[in-house]
Amino acid sequence: AEMFGQLTTGLESAWNKLRGVDVLTKENIAEPMRDIRRALLEADVSLPVVRRFIESVSEKAVGTDVIRGIKPDQQLVKVVNDELVQLMGGEVSDLVFAKSGPTVILLAGLQGVGKTTVCAKLAFYLKKMGKSCMLVAADVYRPAAIDQLTILGKKVGVPVYSEGTEAKPSQIAKNGLKEAKGKNTDVVIVDTAGRLQVDKAMMNELKEVKKAVNPTEVLLVVDAMTGQEAAGLVSSFNDEIGITGAILTKLDGDSRGGAALSVKEVSGKPIKFVGQGERIEDLEPFYPDRMAQRILG
Ligand code: GDP
């Protein structure tokens, strides 16, 4: 199923109920708004986010002057579109680079979300921008993770710094950064260990790594299939370690899309990139307006 497919269909039933209506009123939008609410909840958008969204759209839809030539149903589509764009952060959020020295990007996230793949994808993206990169393997719990990163690094053509599985992640990250400085590398991307679920040891380790390398970006990698739990996940990582943004992966899968709509609202931090496939070129900046268009079909 196409992501957002169900959401798009759900929203259509709202517009359809406004056929033949002359002007939007509190009364005649009540039922369409219930459709919108249901569609968002079924798409796994978090409940508090849905509540605020509905409130805001209702207010704006009734309050706006009738735009000549635009039918009421289209007027509501426009209000929903604008509100979706705002909900997702409004503008595209570019990566921030350090003013001097290497920019450090710390990647965090649960196991299997696509973190290691994102390391390679980001390096590929930055290389295309003309930046030199280094990957640092600070996931010491799975030897396979280091091998995987090494293989991906070769594929992209960027060096991978690793010290095996015995060293401490914070120490590896620190040494990796030192090496990158020596080589005048523009960007250092640090891969960290994930767990199956949020736990104290993982958070503490991330805090230590963060302290050791003072990253410019701390990006939480979130699997779009996470559904309703995405909101809580983003909040807890943000509260514990402080993130600067998120990367949403597996948008090519049949997720219902709720995470894309909840992240910014629950954490105040933007989605910066989306991953839409397993290949290293399948990463692109997150454009709230294009995503809204995709949702509205
Ligand atoms: P990590 O445990 O977070 O490091 O996850 P990996 O990078 O090893 O990815 C886990 C699996 O998800 C791998 O099989 C990847 O190929 C796959 N994967 C990663 N990103 C995407 C994506 O955007 N789309 C799809 N379809 N698969 C992805």
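The values are calculated or read from the model by the stated rules, or taken from the named source; none is laboratory data. A quick note: this is a predicted structure, and the numbers were derived from the prediction, not measured. Cβ sites come from the backbone with ideal geometry, for glycine too, and all protein chains shown count toward neighbours. Note: accessible area is taken over every heavy atom of the protein model, side chains too, but ligands, DNA and RNA are not part of it. Shrake-Rupley method; radii C 1.70, N 1.55, O 1.52, S 1.80 Å.
General remarks:
- Cubic angstrom per residue, convex hull over Cα atoms of the range 1-124: 179
- Helix-only arithmetic for the chain: the sum of -39500 (n - 2.57) across DSSP H runs with n ≥ 4, divided by the residue total, places the mean residue ellipticity at 222 nm at -16000 deg cm²/dmol.
- Carbon plus sulfur fraction of accessible area for the chain, probe 1.4 Å, in percent: 48
- Contact order for the chain, expressed relative to its length and based on alpha carbon pairs under 8 Å spaced 6+ residues apart, stands at 25 percent.
- Gap separating the Cα centres of the range 242-277 and the range 70-145, nearest whole Å: 8
- Loop-located trypsin sites (Lys or Arg not before Pro) in the range 48-87 whose Cβ has at most 11 other Cβ within 10 Å (DSSP): Arg68
- Model label sites at Arg19 and Arg34, defined 7 Å from Cα along the beta-carbon direction, differ in position by 2.0 nm.
- Loop-located GluC sites (Glu not before Pro) in the range 48-114 whose Cβ has at most 13 other Cβ within 10 Å (DSSP): Glu91
- By average C-beta atoms within 10 angstrom, highest first, the peptides 98-104, 253-259: 253-259, 98-104
- Accessible surface calculations at 1.4 Å, restricted to protein heavy atoms, place the range 69-179 at 45 Å² per residue.
- In this structure, Val62 and Arg142 have a Cβ-Cβ separation that, at R0 = 41 Å, corresponds to a calculated FRET efficiency of about 0.15.
- For the range 127-228, a simple Cβ point-charge model (Lys and Arg +1, Asp and Glu -1, everything else neutral) yields a dipole of about 340 debye relative to the Cα centre.
- The chain: angle of helix 72-87 to the longest principal axis, Cα-based, in degrees nearest 10: 20
- Rounded to the nearest 10 degrees, the angle from helix 5-16 to the longest Cα principal axis of the chain is 20 degrees.
- Its Cα centre serving as origin, the chain has a Cβ charge dipole (Lys and Arg +1, Asp and Glu -1) of approximately 720 debye.
- Magnitude of the charge dipole for the range 227-276, about its Cα centre and with charges confined to Cβ atoms of Lys, Arg (+1) and Asp, Glu (-1), is about 160 debye.
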